[in-house]
Ligand code: IPM
Ligand code: MN
């Protein structure tokens, strides 16, 4: 199969982690005789520096004409710490979400037994945790009308949803639940908010079309607690934009490192695959960032292309590195491996060379000798 992939390396650690995903994708292409054609495009602080625009039109054009987008991270402290900055990297995110109509952000949360010690949760709460969050990405308070008065003593913003916006993501979530453990939890605040009442009504109606899926409803305040005290109860979580932003970040801590988690945003045209972590500028250029979030995002991309066996091989390569503790500094601050070594090991695994001619002594040599 031939696929065109738009690559947004972005800022901070974005380029170095994405480079590892490209390596892994190249190994898959070689093994399974696919052709992946990459087109680099600018977004974020690098785009502001080069063009004055955090999301040049050319980038949108390339993304719209590609089969998928591999996204690194964007953001730079020089904009984060300057509230008066007129152009900000986040504006680019919203513009891209709009341009591609990325209405569903999907974040799977998994745990690895060898990394249980990293999680702030007790080990017994982590066993069998495997759920996925469907966050609506184009509506709600993020995109509602915003106003403030002249002397900034008053501000308001609207939270709006239409039934069509709720329906399209709900169908995606129900279909996924059918393929998983057949349980869907809608998280809302329908004891208070009109938009939440609408979500509940629509989801109840849609549920009739998926009789094999068990549907639960939770208020968001209770859900925030349940994710910590009993995360294994969840299979598919469905929720609106702001609740999804907050709950998915909360859920990230379960697996122990933000660096491990992938995501995809699905829309009407090209889907975008990105690690959950941000641009982590302090680590940029040091070859220490965790490439797993990006590599697992690439695995999600393969799955999306219908390349199931390929995706499975990438995932088992990732699991192999984690089980053997070939991990980056965020996971093991003492015996850590470099970003590029982890990427290289996964490509070796894909080529079937790990048990044979990978010389583990060389791997050991490429480990940090800081301690
Ligand atoms: C995310 C981020 C963005 C969001 C920010 C950077 C605007 O937190 O992708 O989750 O809130 O959507
Ligand atoms: Mn967020």
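Some values worked out for this structure:
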| read-out | value |
| --- | --- |
| Degrees, to the nearest 10: 241-252 long Cα axis against longest axis of the chain | 30 degrees |
| Gyration tensor verdict on segment 3-129 (Cα atoms; rounded if a/c is under 1.5, prolate if a/b is larger than b/c, oblate otherwise) | oblate |
| Degrees, to the nearest 10: 163-179 long Cα axis against longest axis of the chain | 40 degrees |
| Neighbour-count ranking [beta-carbon atoms within 10 angstrom, fewest first] of 36, 273, 305, 71 | 305, 36, 273, 71 |
| Net length gained if the chain between residue 98 and residue 32 were fully extended (0.36 nm per residue, minus Cα distance) | 20.3 nm |
| Spin-label pair residue 81/residue 332, simplified geometry with 7 Å Cα→Cβ offset, distance in nm | 3.4 nm |
| Chain lengthening between residue 91 and residue 325 when straightened (0.36 nm per residue, less Cα-Cα) | 80.4 nm |
| Likely footprinting exposure, 322, 237, fewest C-beta neighbours within 10 Å first | 322, 237 |
| Largest-first principal axis extents, alpha carbons of the chain, Å | 61, 49, 44 |
| Cα shape, segment 105-200, gyration tensor, a/c 1.5 rule | oblate |
| Proxy reagent accessibility, fewest Cβ within 10 Å first, across 154, 320, 199 | 154, 320, 199 |
| Segment 1-73 and segment 291-344: distance between their alpha carbon centers, rounded to Å | 18 Å |
| Residue-span extension gain [residue 282 to residue 127] - 0.36 nm each, minus C-alpha spacing | 52.5 nm |
| Fraction of antiparallel bridges per DSSP, segment 135-260 only, in percent to nearest 5 | 20 percent |
| Relative contact order %, the chain, counting alpha carbon pairs below 8 Å whose residues are six or more apart | 21 percent |
| Estimated [θ] at 222 nm from DSSP helical runs (n ≥ 4, -39500 (n - 2.57)) normalised by residues in the chain, nearest 500 | -12500 deg cm²/dmol |
| Kirkwood Rh, Cα atoms: Rg over Rh of segment 223-340 | 0.98 |
| Label-point gap, in nm, between residue 145 and residue 164 - each point 7 angstrom along Cα→Cβ | 2.0 nm |
| Rounded, prolate or oblate (a/c below 1.5 giving rounded, otherwise prolate when a/b exceeds b/c) for segment 120-255 by Cα gyration tensor | oblate |
| Percentage relative contact order, segment 120-255, counting C-alpha pairs under 8 Å, at least six apart | 39 percent |
| Cα-based helix-to-principal-axis angle, 194-207 vs the chain, degrees rounded to 10 | 70 degrees |
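A short reminder: the numbers here are calculations on the coordinates, not readings from a lab. Only a predicted model underlies this, so the values are computations on that prediction, with no experimental measurement involved. All Cβ positions, even for glycine, are placed from backbone atoms using ideal geometry, and neighbour counts span all protein chains on display.
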